[in-house]
Amino acid sequence: NIVADGFSMAASNYTGTKSEREEYDRIRAYEEHQIVHDRAGEIEEVREIYRAKGFEGADLERAVEIITEEKERWVSTMMTEEYGVPLSERSPVRAAGGTFVAFLLCGVVPLLPFGVSPWLLDQHQAFGVSILMTGLTFFAIGSVKSMWSMKVWWRSGIETLSIGLAAAGIAYLIGFWLRSLRS
């Protein structure tokens, strides 16, 4: 089940990342076309973008001139300023592989206590240890996630822990409810 879910998550990430790349390519091709076929209109768009940033007079005209004198710089500026598209391109294969590995590594954590339970833990103890280990994993993921956000590490950890435990609790309750239907 973990492997199947991991593949499902990886496939979703692959598809989403691939769609982002396709959109990036579409927007880029459109901007390149516009620069060739509506040069004056595109220059005016650059002017408006930098006017909104506070440039004016000779500084504004020099900024527009610098940006529009080189096609790659011009297209990149339009991609980020007009569309808000990041210039870095993510690999769909790498995104999918990362998702799959992360899902497997984190997905096996709640099962580990049950693997050792016949030797060290009874079922009730294994369940408690599983909840604790899962909580620590969620907290660790959130703490690491803070490196890419503005949140303090422990707040990001608590947020991810709360969301993860809520999702796990809902899944557990659904499983408990489905199990009661068999009776």
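Taking a probe of 1.4 angstrom, what is the accessible area of L173 in Å², to the nearest 10?
Taking all protein chains as shown, L173 has close to 110 Å².
Just by accessible area at a 1.4 angstrom probe, what is the order of M79, M133, M9 from largest to smallest?
Highest to lowest solvent-accessible surface, that is M9, M133, M79.
Hey, how many Å between the Cα centroid of the stretch 49-95 and the Cα centroid of the stretch 115-183?
If you average the Cα positions of each part, the centres end up 43 Å apart.
Accessible area, 1.4 Å probe, largest first: how do D59, D38 sort?
I get D59, D38, largest accessible area first.
Would you calculate a helix-derived [θ] at 222 nm for the chain, using -39,500 (n - 2.57) for each DSSP H run of n ≥ 4 and dividing by the full residue count, to the nearest 500?
Result for the chain: -28000 deg cm²/dmol, rounded to the nearest 500.
Nearest 10 degrees, 0 to 90: what angle lies between the long axis of helix 71-83 and the longest principal axis of the chain (Cα atoms)?
60
Relative contact order of the chain: what whole-number percent is it, with Cα pairs under 8 angstrom and at least 6 residues apart?
Relative contact order here is 21 percent.
Quote the accessible area belonging to Y83 in square angstrom, nearest 10, computed with a 1.4 Å probe and with ligands, DNA and RNA left uncounted.
Spelled out: Y83, probe radius 1.4 Å, area about 90 Å².
So, taking all protein chains as they sit and a 1.4 Å probe, how much accessible area belongs to F138, in Å² rounded to tens?
50
The values are calculated or read from the model by the stated rules, or taken from the named source; none is laboratory data. Computed from a predicted structure; not experimentally measured. These area figures cover heavy atoms from the full protein model, side chains too; ligands, DNA and RNA do not enter into them. Shrake-Rupley method; radii C 1.70, N 1.55, O 1.52, S 1.80 Å.
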